[in-house]
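First up is the structure itself, then whatever we jot down about it.
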């Protein structure tokens, strides 16, 4: 049964699952696909593949090393997906307690190597998307492993994330990073107004129509996103207007922002 509209991506996902099961065995409880391959507007030239692997317990040092080698081999064999895969490995216990405490998460994501860090309540939006829209590639439905997350909790997390962009944007100096900031805030604006998470493209088109004063910048951001591998020299030329949009979005989303 096809999982995505593309046979080659289905084969890629199947290969990743087989390798995870070889390394993790019964520790792998479930593997879930989310992101634009599920919510829509997936672009095979620029979109990422987002996966959550739920485990019975944290990975150990040997498993980490084997998974790291698996990811390196995957990139070597699939160059077009280099820096376009996000896979998070998280225990069931961490998913049960993320509201009250941070736990270890092993993750590889665009712009970052495979590493371990801590994930807590700041990941609530991700887990909401997995629970509500995720597709099980292996294991039970995500609703059986992730406790209910209320709409109020989701919207509160959107507000908190938007507020954090007031500091995060200072690190988004390159043109691709600026595009990411603009489109992510478009999605936050849409979620704040409509109570739903949609693709960055859908949200961008909605913000363009609702706030036409930003339509040109958002259109540029969509173009910068497509040309993310292009060499651009004058990144700073567009940073001031990117900063103004981020501040505008925060003011729309955060009370008193």
message: Against the condition part of a helix (DSSP H, G or I) and outside the structural domain of residue 54 (by TED's automatic domain parsing), how does residue 170 come out, does it pass?
response: yes
query: Going by the conditions given, is residue 120 within 18 Å of residue 31 (Cα to Cα) and at pLDDT 95 or above?
result: no
- prompt: Where residues in the range 136-152 are assigned to a helix (DSSP H, G or I) and touching a residue at least 12 places away in the same chain (Cβ under 8 Å), which of them is nearest to residue 188 (Cα to Cα)?
  reply: 151
- prompt: Within the range 180-210, restricting attention to residues that are in contact (Cβ under 8 Å) with a residue 12 or more places away in the chain and outside any helix (DSSP H, G or I), which residue is farthest from residue 155 (Cα to Cα)?
  reply: 199
task: Given the conditions (1) closer than 28 Å to residue 10 by Cβ; (2) in a helix (DSSP H, G or I); (3) modelled with pLDDT of 95 or more; (4) touching a helix residue (DSSP H, G or I) at 6+ places or on another chain (Cβ under 8 Å), report the number of the one that residue 64 does not fulfil.
output: (4)
statement: Screening 216, 177 for residues that are over 30 Å from residue 100 (Cα atoms), surrounded by 14 or more Cβ atoms within 10 Å (Cβ to Cβ) and either without any contact (Cβ under 8 Å) to a residue 24 or more places away in the chain or over 20 Å from the mean Cα position of the chain (by Cα) (or both) leaves only 177
- request: Evaluate the range 137-157: report whether one residue or more is modelled with pLDDT of 95 or more and over 23 Å from residue 33 (Cα atoms).
  value: yes
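Matching residues to (1) more than 21 Å from the chain's Cα centre (by Cα); (2) under 28 Å from residue 196 (Cα atoms); (3) in a strand (DSSP E or B); (4) not assigned by TED's automatic domain parsing to the domain that holds residue 183:
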position	(1), (2), (3), (4)
20	no, no, no, yes
23	yes, no, no, yes
32	no, yes, yes, yes
57	yes, no, no, yes
query: Going through the range 50-104 one residue at a time, which ones are without any contact (Cβ under 8 Å) to a residue 24 or more places away in the chain and surrounded by 21 or more Cβ atoms within 10 Å (Cβ to Cβ)?
result: none
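More than 26 Å from residue 223 (Cβ to Cβ) and touching a helix residue (DSSP H, G or I) at 6+ places or on another chain (Cβ under 7 Å) - does that describe any residue in the range 35-49? If you could, list the steps in order and put the result at the bottom.
If we filter the range 35-49 for residues that are more than 26 Å from residue 223 (Cβ to Cβ), which is where we start, we get none.
No - not one qualifying residue is present in the range 35-49.
The values are calculated or read from the model by the stated rules, or taken from the named source; none is laboratory data. Bear in mind that the values here come from a model prediction, so they are computed numbers and not experimental data. Cβ atoms come from the backbone with ideal geometry, glycine included; neighbour counts cover every protein chain shown.
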